Amino acid sequence: MKIIKLYFTCFLIVFISNIAFAQKTKTEPVDLVYPLVDAANSRWFFFNSATRPFGMVNLSPDNAVNADWNAGYRYEKDSIKCFSHIHCWQLSGIPVLPTTGEFHGHLTADKYGSKFSHEKEVIKAGYHKVVLDAYNITAELTSTTRVGFHKYTFPKSDKSHILFDFSTFLGPSDTEKGHVKKVSNQEIEGYAVMTPTIRRPKTVTVFFVAQFDKPFDTFKGWRKGQLEDIKNDMIEGERIGAYISFATQAGDIRKMKVAISYVSEGQARLNLTTELPHWDFEQAVKDSRNDWNNWLKRIEIEGGTDTEKRRFYTDLWHALQGRRIISDVNGKYCDMTGAERRIGQIPLDENGKPKFNHYNSDSYWGAQWTLNTLWHLVYPEVTESFVNSMVMMYQDGGLIPRGPAGGNYTYVMTGAATTPFITSAYMKGIKGFDIEKAYEGLRKNHFPGGMMSKAGYEHTTFKGGGIEYYMEQGYIPHPLSKTRYGFHQDGSTQTLEYAYQDFALAQMAKKLGKMDDYALFMKRATNYKNIWNPELGWMWNRTLDGNWAEPVDILRYDNGWEEGNAAQWTWFVPHDVQGLINLIGGREAFTTKLNTSFEKAQKHGFTSGKSHDKETQEELKRVYINYGNQPSIQTAHLFNYSGAPWLTQYWSRQIVEKVYSGISPQYGYSGDEDQGLMGSLSVLLKTGIFSVNGGTTAEPFYEISSPIFNKITFHLNNKYYSGKTFTIEAKNNSTKNYYIQSAQLNGQNLNRPWILHETLVKGGKLILNMGEKPNKGWGSKAEYAPVSMSGVSK
């Protein structure tokens, strides 16, 4: 009996130990992130390692510095120029580097940079480790939201240094001047003034405070390539830099915390003491990992290969970056919308905390098919914060932005791109913002003097948007005039965008009881029909006199079509797919025409090459469908409207396989992930839900495609939605079984290829029964098609 008890006790101990070990070694979503996807391509702000979700600080190595494209961390380059703290659209700043030996920091980054090897590099979500071969220094990086945390392991040297270079051109902008002051032998502070860019028309000042865990011996600097002694513990001016020096023994560790602010050094110090009051680097790494994991695990996946899982969470990781916080922990922010720099204050809640953050962001051009669905559904608190930031900028500067940088208006891209984003949020019940003020700002953007008056980066005039022609003639001519007022002055694209954005605003107007506005904008929403050329069978340019432009070439890039061509933009009628179906000649003609475009696009992998900056090369741009850029990324889901949902299922799977699969530094987002847009798109394609109209109808809904995983669980935010989880289960799913045979929603048969947002956020389960051959009857009846404007009661 004792022997039996002993065996049982041993068995119990082993069993419990195995459970504990399994729990300890469980792979979490954060562990699956592969930051090196597409790291050989893209631009300054793409790569991420030591950063937090939407973090003000995005600390990482720079292998190239003097450019917007082909700069930042570039996988194929063999040297590191510096570690800089800001990699954001139109923003950069605070480059540093530890070195040893004779100091060469004044001789530019090309001279003081160091070779490195990927074999001695570790990159995770929130963490980066690399060895600087030239100096035998191991550098480790992590961060909080507003503070970069460095850990350097030095060799034996009587001349060890850490430099701060404010003489370099960094990413999108040059450094106009710098200022560095010694506060003590363990702290320095200062700022860098970053020059304007063609997109951001005003300077941006980045303030910093750097603290060191051990005292340094000397504080020196340089100016215009020449070393100089620092007087009064301060150096400032053009082309300056500063460095601290100290002796080290082999294996000595030096830690440094660098906090930033766009307001002042004092605010940077507040960010530091609030977010990172300790010196425990390993704890900071752990905290960052936990933070990322809490965000990523809101979508839980089962099934699929290890590579597919890793790519999915890498996509989701990117969807939570790029668009970055620019306000401080106490809600202070820099407003550059007026003639003079102004410091603003975000309203505080009852606990004295800011009610939301202020953000830097590229355009919301294409967000209707990406962020509108992913953020609004999975991260509604993020959506609400961004909307509040936009409304606050309207109160500050008089316009809701389409993409602000450093508190500046940039007028990036075209149209009123934030209208669908805000409308969709409101329609989905995200209402924690001043809706009347938001509507006022959105409405202004749809008239002369608003965003629809401006072409891309049109900083000083209100002409390139062509809104007057759109209102009076029902379309925007191309060319509009001999004068180029800005970038992307492409009348046909602007016509299509404005019509969709007018529809979105009309829905909000109706919801708010503004029926005159509703009627006005609904009428304008039909303007897309005015550039349909029935003889050509495609959308086409119209000239000032109303004639069709000649010569005709539907594959010609730009020339009226923003970052695309007529063949791609013809399908851009998100609010009225049924109306487009009618123009083309009915459901069968529409399906045939679109399917033919996909068959042609399949031959070039559904993209215009693997790098967005090469998209303008003649041999790459003459394509019918391009899933490497925004204009036509909705097209696979249009078959749901024309009675062929099985083709949506087929082509969406082909796009995932050809464009958004695999984990490699050489490819991943066709060279431009675009601040979360294409990461979000990839997530949606793989989960099997999408929204062609961006959730802008009175009752928002999601179209169904073909998920690549067997089970996807969305964990809903109970502060916004009543349900706890919504699960999509794809039974009998495989790489061959991607066709839906039948479906059940919450136990009831579902015969249509879409579900209401309201239904989804109450929680429940959607079961998709998959098969190898298409069920062409499922969801194909006309009455099962998703809602279009042509079917909306006026």
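Values as computed for the structure displayed
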item	result
Some residue of the stretch 596-605 being part of a loop (DSSP other than H, G, I, E, B), in contact with a helix residue (DSSP H, G or I) (Cβ under 6 Å, 6 or more places away or on another chain) and closer than 26 Å to K658 by Cα	yes
Failed item, numbered, when D396 is tested on (1) over 22 Å from the mean Cα position of the chain (by Cα); (2) farther than 21 Å from L91 by Cβ	(2)
Residue tally, condition β-branched (V, I, T) and either buried (at least 22 other Cβ atoms within 10 Å of the Cβ) or in contact with a Pro (Cβ under 9 Å, 6 or more places away or on another chain) (or both), over the stretch 264-310	2
Flag for A506 being at negative phi, open to solvent by 20 Å² or more (accessible area, probe 1.4 Å) and not in a loop (DSSP other than H, G, I, E, B)	no
S661, sole failed condition from (1) open to solvent by less than 10 Å² (accessible area, probe 1.4 Å); (2) assigned to a loop (DSSP other than H, G, I, E, B)	(1)
Residue check, K177 of a type in the set (K, R), under 24 Å from S143 (Cβ atoms) and assigned to a strand (DSSP E or B)	no
Residue within the stretch 631-643 that is open to solvent by 10 Å² or more (accessible area, probe 1.4 Å) and on the phi < 0 side of the Ramachandran plot present	no
Residue check, A567 open to solvent by less than 30 Å² (accessible area, probe 1.4 Å), touching a residue at least 24 places away in the same chain (Cβ under 8 Å), closer than 24 Å to I476 by Cα and touching a Leu at 6+ places or on another chain (Cβ under 9 Å)	yes
Odd one out for M515 among (1) hydrophobic (A, V, I, L, M, F, W, C); (2) open to solvent by less than 20 Å² (accessible area, probe 1.4 Å); (3) without any contact (Cβ under 8 Å) to a residue 12 or more places away in the chain	(2)
Pick from the stretch 555-566, criterion closer than 27 Å to M471 by Cβ and in a loop (DSSP other than H, G, I, E, B), ranking: nearest to the chain's Cα centre (by Cα)	E563
Neighbours by Cβ (under 6 Å, 6+ apart or cross-chain): first from the stretch 41-55, under 20 Å from G668 (Cβ atoms); second crowded, with 24+ Cβ neighbours inside 10 Å and charged (D, E, K, R)	F46/E673
Subset of the stretch 122-151 [within 20 Å of the chain's Cα centre (by Cα), basic (K, R) and part of a strand (DSSP E or B)]	K124
Y528 being outside any strand (DSSP E or B), within 22 Å of S363 (Cβ to Cβ) and aromatic (F, W, Y)	yes
Candidate set from the stretch 244-257 (those that are open to solvent by less than 20 Å² (accessible area, probe 1.4 Å) and more than 34 Å from the chain's Cα centre (by Cα)); member that is farthest from S184 (Cα to Cα)	T248
Residues of the stretch 445-457 that turn out to be in contact with a strand residue (DSSP E or B) (Cβ under 7 Å, 6 or more places away or on another chain) and surrounded by 24 or more Cβ atoms within 10 Å (Cβ to Cβ), as a count	2
Residue within the stretch 140-161 that is buried (at least 24 other Cβ atoms within 10 Å of the Cβ), out of contact with any Ser or Thr (no Cβ under 8 Å at 6 or more places or on another chain), within 26 Å of E228 (Cα to Cα) and not small (G, A, S) present	no
Set Y498, Y485: member being free of Cβ contacts under 8 Å to residues at least 40 places away in the same chain and either within 19 Å of E563 (Cβ to Cβ) or in contact with an Asp or Glu (Cβ under 8 Å, 6 or more places away or on another chain) (or both)	Y485
The one condition in (1) open to solvent by 10 Å² or more (accessible area, probe 1.4 Å); (2) under 14 Å from the mean Cα position of the chain (by Cα); (3) within 27 Å of H85 (Cβ to Cβ) that G322 fails to fulfil	(1)
Sole exception among (1) open to solvent by 10 Å² or more (accessible area, probe 1.4 Å); (2) under 28 Å from E618 (Cα atoms); (3) in contact with a helix residue (DSSP H, G or I) (Cβ under 6 Å, 6 or more places away or on another chain) for Q578, by number	(2)
Extreme residue, most open to solvent (accessible area, probe 1.4 Å), among residues of the stretch 188-229 that are acidic (D, E) and part of a strand (DSSP E or B)	E228
Residue under evaluation Y364, criteria (1) part of a helix (DSSP H, G or I); (2) touching a Phe, Trp or Tyr at 6+ places or on another chain (Cβ under 6 Å), criterion not met	(1)
Selection count where residues are assigned to a helix (DSSP H, G or I), of a type outside the set (S, T, Y) and buried (at least 19 other Cβ atoms within 10 Å of the Cβ), scope the stretch 458-474	1
Considering residues of the stretch 490-503 that are among the acidic types (D, E) and assigned to a helix (DSSP H, G or I) only, the residue farthest from H446 (Cα to Cα)	E497
Meets criteria (over 30 Å from L32 (Cα atoms) and not in a strand (DSSP E or B)) for D165	no
Enumeration of residues in the stretch 230-243 that are in contact with a His (Cβ under 7 Å, 6 or more places away or on another chain) and either under 19 Å from H358 (Cβ atoms) or surrounded by 20 or more Cβ atoms within 10 Å (Cβ to Cβ) (or both)	G241, Y243
Some residue of the stretch 47-63 being more than 25 Å from I326 (Cβ to Cβ) and in a loop (DSSP other than H, G, I, E, B)	yes
Count - residues of the stretch 407-443 that are within 18 Å of the chain's Cα centre (by Cα), open to solvent by 10 Å² or more (accessible area, probe 1.4 Å) and not aromatic (F, W, Y)	1
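Yes or no, residue by residue, for (1) within 24 Å of N41 (Cβ to Cβ); (2) among the hydroxyl-bearing types (S, T, Y):
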site	(1), (2)
N626	yes, no
P665	yes, no
Y669	yes, yes
Q675	yes, no
I689	no, no
G694	no, no
E699	no, no
F709	no, no
I712	no, no
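The values are calculated or read from the model by the stated rules, or taken from the named source; none is laboratory data. What you are looking at is a predicted structure, and each value in this text was computed from that prediction instead of being measured. Methodologically, a virtual Cβ is constructed for each residue, glycine included, from the backbone with ideal geometry; neighbour enumeration extends over all protein chains shown. Each accessible area value is taken on the protein alone, full model and side chains, heavy atoms only, with ligands, DNA and RNA left out. Shrake-Rupley method; radii C 1.70, N 1.55, O 1.52, S 1.80 Å.
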